[in-house]
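Below is one structure, written out as structure tokens; comments come after it.
The values are calculated or read from the model by the stated rules, or taken from the named source; none is laboratory data. This is a predicted model, so every value here is computed, not measured. Because the Cβ atoms are built from the backbone with ideal geometry, glycine has one as well, and the counts that use them run over all protein chains shown. Side chains are part of the model used for accessible areas, which takes the heavy atoms of the whole protein and leaves out ligands, DNA and RNA. Shrake-Rupley method; radii C 1.70, N 1.55, O 1.52, S 1.80 Å.
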Amino acid sequence: MIRVRRAIVSVSDKRGLEELGRGLARHGVEVLSTGGTRKALEAAGVPTVAVSDYTGAPEILDGRVKTLHPKIHGGLLARATDAHRAELAAHGIGEIDLVVVNLYPFERTIAAPDVTLEAAVENIDIGGPTMLRAAAKNFERVTVVVDPDDYDRLLAELDRNGGCVGPQLRRELATKAFAHTAGYDGAIAAFLSGGELVSLQLRREFELRYGENPHQQAALYREVKNSLGVTTGRPLLVGAQVLQGKALSYNNLLDLDAALACCLELTGPSAVIVKHTNPCGAASDPRGVAAAYARARECDPVSAFGGIVAVNREVDADLASLLAETFIECVVAPSYAPAARDSLARKKNLRLVAVGDMKVDRPTGWTLRSIAGGVLAQTGDYVTARASEARVVTRRAPTPDEFEALDFAWRVCKHVKSNAILFASGTRTAAVGAGQMSRVDAVQLARMKAQLPLAGTVAASDAFFPFRDGLDAIAEAGATAVIQPGGSIRDEEVIAAADEHGIAMVFTGMRHFRH
């Protein structure tokens, strides 16, 4: 246990600063500080010592040099040995036991659309990271805090231990400090290199029993910092609450993410059933999620067995009753009504995952995928063109009912592995053909698996038809309207085929390959 007698506090983010300062004063800690931090502490009645007074050296070079001094870094790096303490005494240096520092807001600065190189460079902190690294290296004696959210933990530790900090907390906070400076430097490198150099920080949330197969090791990691831009704006499975059932597996998490992403595309009470990351049934229904799930399951009840279900409304007793009728691996929803929890508690192996509010707020950021020896990065496929805004290319335009069905089909087809063909009737899937090497094969697979009549349906294709044969197969199945990106050198042949069959067709101009 190390008693905190002297601290240096210098922060850009001043959340919780007054409470921290008063807590340190309560334990008799001498506080060294600079600039705006010192003014804020003094205004709160916390006595401080200016760093320049402590070191005997003024701030110079427009404040670029404040804390780069042997009295600071000697006080931080000295070990708790007689030899080091004697050397400190010989040079008139006192020990510093606590560093509370967060850095110049570089990432906030470069987020401004009109940021200049000069402004960015001036927000590269030098003294702060140097102190953090020194304190973190010497965690056997020094406590370092970079996050205002950790102030309460620090003060509780001091209160509990008579002004001392224990070794476990010192090591945890030192690890966090090194991660913080690594992410900070990564953001600087990414900016100065124009994105050529990027950094990614992940924190392991928990180990998984195994990966896709039992002979593979696996774990779930949370993205802490990503200099490409953190994906935001949608509910996340990382950190979601698992309310019952066995621990989630690697495959469960992949399927849950796919089901959740597809469900977030839909409006009104909706349900999506996923098997091996492909939707095998999806529906929206104004009567509620129970009706939506029942209609989604009718699309392919065989594949739905052992599947993953996502809904965008609270799971109620009616839906719980339907879910209990067959074997389901996992359900993901905003929340679960008490009656639903009670009903599903009998299905002990069924995982119930709650993600909270399923509002989607302008998702941004990059998605990453590993290949041997590298990583592929791309911006997320967050944009979905509305069918009503697509270009009608056939003699016959879709009817209002067909437009509604086309819009639904297009949103779900986006989440089907390529090559993808999807038939829909109103706001539910009628048949899905996923992951085929040819688009005609995808049509034939959908027809082969269809449990519902395809006559009068609409069809969506995730990419253009390279030949008219795919369109001919869709017409033969009974579809009356088609939505696709267009862009083939044989578009005119495909349009002519649609006109021959009396099919209405629209081009979105946007492809949704999913590999």
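Summary of computed values
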| read-out | value |
| --- | --- |
| Per residue, in Å², the accessible surface of segment 362-410 once ligands and nucleic acids are set aside, probe 1.4 Å | 67 Å² |
| Spin-label pair Ala80/Thr399, simplified geometry with 7 Å Cα→Cβ offset, distance in nm | 8.2 nm |
| Cβ crowding within 10 Å averaged over residues, with 471-478, 244-251 ranked highest first | 471-478, 244-251 |
| Portion, in percent, of the accessible area of segment 366-515 that falls on carbon or sulfur, probe 1.4 Å | 52 percent |
| Per-peptide average of other Cβ atoms within 10 Å, ordering 497-503, 278-284 highest first | 278-284, 497-503 |
| Cα gyration tensor shape of segment 245-342, rounded if a/c is under 1.5, else prolate or oblate by comparing a/b with b/c | rounded |
| Per-peptide average of other Cβ atoms within 10 Å, ordering 332-340, 309-317, 46-54, 215-223 highest first | 309-317, 332-340, 46-54, 215-223 |
| Nearest-10 value in Å² for the accessible area of Lys137, using the 1.4 Å probe | 150 Å² |
| Under-5 Å amide H pairs with Cys280, H placed in peptide plane, nonlocal only | Ile273, Val274, Lys275 |
| R0 of 35 Å, Cβ-Cβ distance Thr267-Glu118: FRET efficiency to nearest 0.05 | 0.15 |
| Segment 375-421: equivalent-ellipsoid semi-axes (sqrt of 5 x gyration tensor eigenvalues, Cα, Å) | 26, 12, 10 |
| Residue-level accessible surface for Trp366, protein heavy atoms, 1.4 Å, Å² | 90 Å² |
| Å² per residue, accessible surface of segment 230-332 at 1.4 Å | 36 Å² |
| Cα pair distances of the chain binned at 20 Å [whole percent] | 20, 38, 28, 14, 1 |
| Difference of contour (0.36 nm per residue) and Cα-Cα distance, Arg108 to Arg171 | 19.9 nm |
| Which of Val392, Phe403, Val416, positive extreme of dipole for segment 377-446 (C-beta unit charges) | Val392 |
| Segment Phe178-Phe513, length gained on full extension (0.36 nm per residue, minus Cα span) | 116.7 nm |
| Heavy-atom accessible surface of segment 1-132: percent carbon and sulfur, 1.4 Å | 53 percent |
| In nm, spacing of pseudo-spin labels at Leu220 and Gln241 (7 Å Cα→C-beta vector) | 1.5 nm |
| Gained length - Arg362 relative to Ala377, 0.36 nm times residue gap less alpha-carbon distance | 3.5 nm |
| Mean-position separation - Cα centroids, segment 276-327 and segment 381-457, in angstrom | 19 Å |
| Amide H within-cut-off set for Gly307, under 5 Å, with H built and near neighbours excluded | Glu329 |
| Arg209 versus Glu492: modelled label distance in nm, points set 7 Å from Cα along the beta carbon direction | 6.0 nm |
| Positive-end residue of Ile495, Leu61, Pro453, charge dipole of the chain with Cβ unit charges | Leu61 |
| Segment 14-155, relative contact order in percent, only Cα pairs under 8 angstrom and at least six apart counted | 24 percent |
| Phe403, Phe305, ranked by accessible area, largest first (probe 1.4 Å) | Phe305, Phe403 |
| Carbon plus sulfur fraction of accessible area for segment 162-203, probe 1.4 Å, in percent | 60 percent |
